[in-house]
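The values are calculated or read from the model by the stated rules, or taken from the named source; none is laboratory data. Everything numeric here is computed off the predicted structure, so don't read it as measured data. All Cβ positions, glycine included, derive from the backbone under ideal geometry; neighbour counts span all protein chains shown. All accessible areas refer to the heavy atoms of the entire protein, side chains included, with ligands and DNA or RNA removed. Shrake-Rupley method; radii C 1.70, N 1.55, O 1.52, S 1.80 Å.
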Amino acid sequence: MEREWFRYGCACVLAFSLVLPGLSTRAQSDTPTALATKLDGPSGLALSERGDLYISDSRQHRVLRVTAAGIVSVVAGTGKDGYSGDGGPAHLARLDTPTGLIVRRDGALYVADTNNHVVRRVGVDGVIATVAGNGKKGFAGDGGAATSARLAHPVDVESSTDGILYIADGGGIRTVSPSGTMQTVSKLTGLALAIDHLNNLYISQSRKVVKLTGSGAVEVVAGSDYLGGDGDGRKATSARLSNALGLAVDTEGNLYISDQNNLRIRKVSTDGLISTVVGDATYSAIHNAYIPKLYAWPTALAVDKAGNIYYASGGEAVKDYAVPQAYSPSLGAYQANSAHTIAQTVSDIARGVVYGKDATYLPWNGARFIFRKSVDGVASPVVGKLR
């Protein structure tokens, strides 16, 4: 399986909270604020305990940090692909298509440096190091030092509460112990990972999502072997998915899935029922809210402690739809906002105009934005700029 968002281009939805000092970074004088930052294929996102947002800006071979104030800085990568810099400042190192990433509670950042076949760590002091993989593509090294092992295009990382680092590798699910030893815990291959407070690991397998427990048991939690997009309101195991590309788990144990080809973000609640939380542009009796419409492929996901959802969505191919439609409670229907052209609509979004919780947001002509859907249903852009 391969991650498919690079065919389309995308943007990510993310959350913010209190701004405190974090990883050492290099400020970007040409892109000082989030809504003035050009992204190119962001494919991973993570939130720190301090509330900062981290973005894998994959096609620009760098990792960005965005504070709650919207200030952007480079955490890792020079913007040019390569493999260099270990032992020095991360913003002077070279990465090659970073994808999944996490921030541990101690503030250290871990990044799947996909095309270098390694996982990198950036400490709070800003120094970068390789913690898994030797830079050579392969599948070997179990029982030895993780830095001597071979990986094959790792695409995501996760971390358990007991310090185990999980890696979604081309040959299976690999782990790195706190002492630095590599092991393979499953031959399952995955597009994305998420972990809950009980250290159950969720693995996206395109058409379904499985759970790997600490005892090694594997359980299907959503989807099946068949493509489709039905199932809302029923048990998630009877639903159908199509390229489930991003995963996130909230503090209550609810699972969120980027159901990419169905243009939806779906939620599997703790009772096992599945529903759509982004992607319908209709009233949801399940959530008692109007759900924002998606016209492009969602990818990476994150959910903050308050339940705000952040997701990546965008695509150059989608540019011919009408302007956002606003729901009129008095009329009980959607009305097109004919006063805006498509270009003006996108310009408004880039400037931070929020059309409302029932709005249809539109990627247009290669635009890539990071959106945030709050718990009250309001979707608004937080990072991104027209190209």
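From the list Leu273, Leu227, Leu188, exactly one residue is surrounded by fewer than 19 Cβ atoms within 10 Å (Cβ to Cβ), of a type in the set (A, V, I, L, M, F, W, C), at pLDDT 90 or above and more than 19 Å from Ser160 (Cβ to Cβ). Which is it?
Only one candidate qualifies: Leu273.
Residue-by-condition table, conditions (1) touching a His at 6+ places or on another chain (Cβ under 8 Å); (2) open to solvent by less than 20 Å² (accessible area, probe 1.4 Å):
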residue	(1), (2)
Lys80	yes, no
Gly88	no, yes
Val118	no, yes
Val124	no, no
Gly180	no, no
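May I ask you to verify whether Ala69 is part of a strand (DSSP E or B) and more than 18 Å from the chain's Cα centre (by Cα)?
no
In the range 130-156, which residues are surrounded by fewer than 24 Cβ atoms within 10 Å (Cβ to Cβ) and over 19 Å from Asp81 (Cβ atoms)?
Listed by number, the residues that qualify are Val131, Gly138, Phe139, Ala140, Gly141, Asp142, Gly143, Gly144, Ala145, Thr147, Ser148, Arg150.
Among the candidates Asp225, Asp162, Asp230, single out the residue that is free of Cβ contacts under 8 Å to residues at least 12 places away in the same chain, of a type in the set (D, E, K, R) and part of a loop (DSSP other than H, G, I, E, B).
Answer to the selection: Asp230.
Return the residues of the range 192-210 that are open to solvent by less than 40 Å² (accessible area, probe 1.4 Å) and assigned to a strand (DSSP E or B); say none if nothing qualifies.
Answer for the range 192-210, where residues must be open to solvent by less than 40 Å² (accessible area, probe 1.4 Å) and assigned to a strand (DSSP E or B): Ala192, Leu193, Ala194, Ile195, Leu201, Tyr202, Ile203, Ser204, Ser206, Val209, Val210.
Would you confirm, using the coordinates I've provided, whether Thr97 is surrounded by fewer than 23 Cβ atoms within 10 Å (Cβ to Cβ), of a type in the set (Val, Ile, Thr) and at negative phi?
No, not satisfied.
Between Thr184, Thr189, Thr175, which is in a loop (DSSP other than H, G, I, E, B) and of a type in the set (S, T, N, Q)?
Of the residues listed, the single one that is in a loop (DSSP other than H, G, I, E, B) and of a type in the set (S, T, N, Q) is Thr189.
Could you list, in sequence order, all residues of the range 48-64 that are open to solvent by 30 Å² or more (accessible area, probe 1.4 Å), within 19 Å of Val303 (Cα to Cα) and touching a Ser or Thr at 6+ places or on another chain (Cβ under 8 Å)?
Within the range 48-64, just Arg50 meets the criteria.
Can you tell me which residue in the range 22-45 is modelled with the lowest pLDDT, limited to those that are open to solvent by 10 Å² or more (accessible area, probe 1.4 Å) and assigned to a strand (DSSP E or B)?
Ala27
Suppose the filter is under 23 Å from Gly216 (Cβ atoms), of a type in the set (D, E, K, R) and either under 22 Å from the mean Cα position of the chain (by Cα) or open to solvent by 40 Å² or more (accessible area, probe 1.4 Å) (or both); does Asp169 pass it?
Yes; evaluated as a whole, the condition is true for this residue.
Any idea which of Arg105, Arg120 is without any contact (Cβ under 8 Å) to a residue 60 or more places away in the chain, in a strand (DSSP E or B) and of a type in the set (Lys, Arg)?
Criteria check complete, one pass: Arg120.
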